[in-house]
Amino acid sequence: MLVLLAGIFVVHIATVIMLFVSTIANVWVVSDITKASVGLWKNCTSGGCDNILSYASEDALKAVQAFMILSIIFSVISLVVFVFQLFTMEKGNRFFLSGATMLVCWLCIMVGVSIYTHHYAGGYGTNYSTSHHGYSFILTWICFCFSFIIGVLYLVLRKK
């Protein structure tokens, strides 16, 4: 049981770090023609990054930014609650709150990345007609999977 908890803890920390990286890095869509990428915050070219996004005023981008920040917050809260519950609560109720919080993080990731995929996949609105997804976008979908697995494991482990 201790090895399982340690493994879940390590995966949870990795998920938090990957969420930070995927939200901060500006490599959600990468141009196939030039050395340029675009993210949630900036537009980057080979000359550097600037704060000018062609779609910065759109509500969809603001929603994606908000949901990604919320997912980071809920993931960190879930990690803190997990450590707190590990040492303070009795066996039957131990990981329910951390599992529920992680599932809220999973939901925030799902909504944020789904909005981004719907509005900006394939370069629509990003000024890159021929483009592919960058590592931040892929990392976010990996975090989506990990957060669901961690949340479900926390809920299953509360009974042991």
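The values are calculated or read from the model by the stated rules, or taken from the named source; none is laboratory data. The shown structure was predicted, so the numbers you read here are calculated from the model rather than taken from an experiment. Glycine gets a Cβ as well: all are built from the backbone with ideal geometry, and neighbour counts include every protein chain shown.
Details
- In summary, residue 87 fulfils each of the numbered conditions (1) at pLDDT 80 or above; (2) under 30 Å from residue 2 (Cβ atoms) with the single exception of condition (1).
- Region 39-81, subset more than 28 Å from residue 8 (Cβ to Cβ), over 14 Å from the mean Cα position of the chain (by Cα) and modelled with pLDDT of 80 or more, residue surrounded by the most Cβ atoms within 10 Å (Cβ to Cβ): 61
- Residue check, residue 26 polar (S, T, N, Q), at pLDDT below 85, closer than 14 Å to residue 140 by Cα and touching a Phe, Trp or Tyr at 6+ places or on another chain (Cβ under 8 Å): yes
- The residues listed here are 75, 57, 46; of these, the one that is closer than 16 Å to residue 119 by Cα and of a type in the set (Ser, Thr, Tyr) is 57.
- Matching residues in region 103-160 - criterion: being polar (S, T, N, Q), at pLDDT below 80 and surrounded by 15 or more Cβ atoms within 10 Å (Cβ to Cβ): 126, 127, 131
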